[in-house]
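> One structure coming up, written as structure tokens, with questions to follow.
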Amino acid sequence: MTSAAPSTRPRNLVTWTDLQIRRLRAFVEEVGGATLLAGRAFRTIFTTRFETNEFIYQLEQLGVRSLAIGAATAIFVGIVMTIQFAVSMEAFGAKDTLGRVLAVSEARELAPSLTALVVGSRIAAGIAAELGSMMVTEQVDAIRALGADPIRKLVVPRLVACIVIMPLITFVAFLLGMTSSMLVAALSYGIPMEFFASTALDSLRLNDFVSGVAKTPFFGLLIAILGCYFGLQTRGGTEGVGRSTTRAVVVVSISILMADALLTQIFVSLGTL
């Protein structure tokens with residue numbers, strides 16, 4: 001009589017547990033590494049000469065070239081949200097309040113959060129790919145060999161540029177989103193543009209703008225630091241550049257959503273919402 005085959009379930013459980021432990025360890029290392037990089041970057045800002053020319057160049061590369069994708073996102077999100085809200089509110093006879101609802105939604109959440117997600121993914125991917133390519137071609141080592149600090153040369157200009165441009169892109173996204181919403185409301189649902197604009201402006205408070213725009217520098221910080229961190233951690237040639245870029249986009253997207261939830265709760269606790 002043959003004996004029963006040994007069960008593989010305990011072995012599979014051990015393998016799965018080991019995999020999760022390794023993933024958790026890698027996550028903790030990434031958080032720690034990114035935090036240390038942020039600390040070094042801010043220390044460098046206040047203790048060394050600022051690279052003004054590189055900062056202006058990064059404003060153009062990261063900011064101006066991101067306006068198109070930010071604008072497209074804002075316009076189409078405004079169109080979709082207008083249609084969705086109009087259909088729902090028309091069923092309750094509250095179509096006239098469409099401008100109020102959309103204005104507050106755009107100012108508090110849609111403009112800052114969705115813009116950060118889309119534009120941030122584009123910026124983080126670009127930073128990670130650029131610095132990753134510099135790592136695998138040993139250009140970062142060459143900077144160190146020349147006695148320069150890669151943090152000052154590479155990280156700080158991108159960090160400051162991201163912190164500066166995110167509020168500006170968010171403001172542009174808000175204006176474009178509300179404009180597209182106003183046009184759709186007028187053309188598809190018969191709401192006069194003047195009425196839509198007046199009700200939208202009447203419903204907005206300063207706190208609505210503050211609670212939305214105040215999040216964007218933190219989003220810019222996350223985008224720049226994580227993009228730089230994964231770029232500077234690149235190993236393994238062109239394949240490693242691809243892995244770093246993908247990892248940067250994923251982590252930045254999740255981090256923005258987590259930061260948005262945390263900051264929203266903080267603003268609620270402070271009474272700004």
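Every read-out reported here was derived from the displayed coordinates using simple, explicitly stated rules and does not represent laboratory data. Since we're looking at a predicted model, the values are computed, not measured. For neighbour counting, all protein chains shown are included, and Cβ atoms are generated from backbone atoms with ideal geometry for every residue, glycine included.
> According to a simple spin-label model (label point 7 Å from Cα along Cα-to-Cβ), what is the distance in nm between Gln265 and Val250?
Modelled inter-label distance: 2.5 nm.
> May I have the extent of the alpha carbons of the chain along their three principal axes, as whole Å values ordered from largest to smallest?
Computed over the chain, the largest-to-smallest principal extents equal 76, 72, 36 Å.
> Sticking with this one: Once each part is reduced to its C-alpha centroid, what is the distance from the range 150-209 to the range 215-272 in angstrom?
The range 150-209 and the range 215-272 have Cα centres spaced 21 Å from each other.
> Right, something else. Would you mind working out the magnitude of the charge dipole of the chain relative to its Cα centre, with +1 at each Lys and Arg C-beta and -1 at each Asp and Glu C-beta, to the nearest 20 Debye? Write down the numbers at each step before the final one.
Details: 22 positive and 19 negative charges, 182 e Å.
That gives a dipole near 880 debye.
> With +1 assigned to the C-beta of every Lys and Arg and -1 to the C-beta of every Asp and Glu, and no other charges, what is the dipole magnitude of the range 90-209 about the Cα centre in debye, to the nearest 20? Before the final figure, lay out each step's value.
On the way: 9 positive and 11 negative charges, 57 e Å.
Computed about the Cα centre, the dipole is about 280 debye.
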